[in-house]
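Report on the structure given below.
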């Protein structure tokens, strides 16, 4: 009889403990990436909610000269104005401070907002913007070059890392446009333009904005939209001397400002997909 009583008490104790543990668990969303993540939840109840986001790519398409023929690193072309024969081996420049504007005026920017566009690098002729809130967008604002505080804060991470080969030093900051290649008209057989400068009259930063016109750009959940930009490396010589007279610029100043500004001014919006 005592044994049966002990067994009954033990079972009752287990039932009470189980009921207590069950009543102490807190149900909720346990995914830290969810909008309604509950830090106190001990049991996931399937209630997690996620932001509706998509991806936007800013694609840079290259042309050369007024005839707008296709251009890529490694191609040999004659400049229509200077008549110099040019074969680029490197061409890259910085884009930063990107802002996407929705039709209601809401603005969105990526957390890391400095990008190195590289014509010779796989997949680096485009800027990939992830986790863009779904919606209808009407405009993009951006800066060509980098803000002064970026230059003076030393090498950063990502596209600002020293390994990218664009950081000079804490005094001179970053190269904002780099163009290298070969030309038989150059006295050395090559050209080297490391265009920099972030203060004073020869600062290279240029703020731009492009309206998407009537169609706008739709960003949908898990979708991908593309903003197309057209740029023309031949514009470096729009106001600069021929290669036999100027084949190298590696310090900030008037020559760097003239060449970079002519290129930056001619980066144009060409449509959305």
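The values are calculated or read from the model by the stated rules, or taken from the named source; none is laboratory data. Here the structure is a predicted model, which means the values were calculated and not measured. Note: ideal-geometry Cβ built from the backbone for every residue, glycine included; neighbour counts use all protein chains shown.
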(request) Evaluate the stretch 84-95: report whether one residue or more is touching a helix residue (DSSP H, G or I) at 6+ places or on another chain (Cβ under 6 Å), touching a residue at least 12 places away in the same chain (Cβ under 8 Å) and more than 30 Å from residue 162 (Cα to Cα). (result) no
(request) Return a yes/no flag: does the stretch 237-251 have any residue that is out of contact with any helix residue (DSSP H, G or I) (no Cβ under 6 Å at 6 or more places or on another chain), within 30 Å of residue 137 (Cβ to Cβ) and not in a loop (DSSP other than H, G, I, E, B). (result) no
(request) Working only within the stretch 105-130, note down all residues that are over 13 Å from the mean Cα position of the chain (by Cα) and either under 18 Å from residue 146 (Cα atoms) or modelled with pLDDT under 95 (or both). (result) 120, 121, 122
(request) Determine whether residue 142 is more than 16 Å from the chain's Cα centre (by Cα) and either part of a loop (DSSP other than H, G, I, E, B) or closer than 30 Å to residue 218 by Cβ (or both). (result) no
(request) Would you point out which residue out of 75, 47 is at pLDDT 80 or above, closer than 30 Å to residue 224 by Cα and surrounded by 10 or more Cβ atoms within 10 Å (Cβ to Cβ)? (result) 47
(request) Give the stretch 157-201 a look and list any residue that's in a loop (DSSP other than H, G, I, E, B), buried (at least 16 other Cβ atoms within 10 Å of the Cβ) and touching a helix residue (DSSP H, G or I) at 6+ places or on another chain (Cβ under 7 Å), or say none. (result) 197, 198
(request) Please list, ordered by first then second residue, the pairs with beta carbon atoms under 8 Å, 6 or more apart or interchain, first in the stretch 207-221 and touching a residue at least 24 places away in the same chain (Cβ under 8 Å), second not in a strand (DSSP E or B). (result) 208/264; 208/267; 216/103; 219/134; 220/52; 220/134; 221/52; 221/134
(request) Look at the stretch 204-215 and say how many of its residues are surrounded by fewer than 16 Cβ atoms within 10 Å (Cβ to Cβ) and either touching a helix residue (DSSP H, G or I) at 6+ places or on another chain (Cβ under 9 Å) or in a loop (DSSP other than H, G, I, E, B) (or both). (result) 3
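What about residue 130, is it outside any loop (DSSP other than H, G, I, E, B), in contact with a strand residue (DSSP E or B) (Cβ under 8 Å, 6 or more places away or on another chain) and surrounded by fewer than 20 Cβ atoms within 10 Å (Cβ to Cβ)?
On the way: outside any loop (DSSP other than H, G, I, E, B): yes; in contact with a strand residue (DSSP E or B) (Cβ under 8 Å, 6 or more places away or on another chain): yes; surrounded by fewer than 20 Cβ atoms within 10 Å (Cβ to Cβ): yes.
Yes.
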